[in-house]
Amino acid sequence: MKAVIVMGSKADFDYAKSIGEKLSEFGLKAEFRVASAHKTPLKVLEIIKEFEKDDVIFVTIAGRSNALSGFVDANTSKPVIAAPPFSDKNWFDIFSSIRMPSGVAPMLVLEAENVALAVAKIAAMKDDEVKRRVVEYLNKKKREIEKSDDEVKGWAP
């Protein structure tokens, strides 16, 4: 199983690469593509068709008016994760990823690490090694919290 990361433009490539790097920590591969739902919708459909017979999870990265996530989701039976680039200056762009028409249901996940985790959890349903890595990751996060608690417990001014 792998992630097909479709970016609305090459400007999103650094963010896509950060998702790909996190995916590799779960033992997953990513394929990177660029196509725009607004400017090259036929190209988007070609990409979907290319992977429709494979075990893939689509990750869509598009800011502003995120038509890409809904367009991909409406044209595939595969899981789609909408992962718009997010920052304090463009936070309102996520609204275009939240409300979708009936029958269109991409999942919205922000932050590269969480996008990779969502892909890994889906892949873990079929891949025991990925499942092991997900459990290991979750346990690591729990240990970090426990360590932080130990460090602050009992502190007084």
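Worth pointing out:
- Length gained on full extension, LYS147 to LYS49, computed as 0.36 nm times the residue gap minus the Cα-Cα distance: 30.6 nm.
- Residues in segment 67-96 reached by a label modelled at SER102 [backbone nitrogen below 17 Å; 7 Å Cα→Cβ]: 74
- Amide hydrogen neighbours beyond the local backbone of ALA82, cut-off 5 Å, H modeled: THR60, MET107, LEU108, VAL109
- Value of [θ]222 nm, deg cm²/dmol, for the chain, DSSP H segments ≥ 4, -39500 (n - 2.57) each, nearest 500: -14500 deg cm²/dmol
- Eligible aspartates and glutamates near LYS126 by straight Cα distance, threshold 12 Å, same-chain separation 8 or greater: ASP55
- For the residue pairs LYS17/LYS89; LYS39/LYS131; LYS17/LYS53; LYS121/LYS147, alpha carbon separations beyond 31 Å are given by LYS39/LYS131.
- Cα gyration tensor, segment 101-157 - rounded (a/c under 1.5), prolate or oblate: oblate
- Net charge of neighbours whose Cβ lies under 14 Å from the Cβ of PHE26, counting Lys and Arg as +1 and Asp and Glu as -1: +3
Laboratory data are not the source of any read-out in this text; all were calculated from the coordinates shown. Predicted model only: the values in this text are computed from it and were never measured. For neighbour counting, all protein chains shown are included, and Cβ atoms are generated from backbone atoms with ideal geometry for every residue, glycine included.
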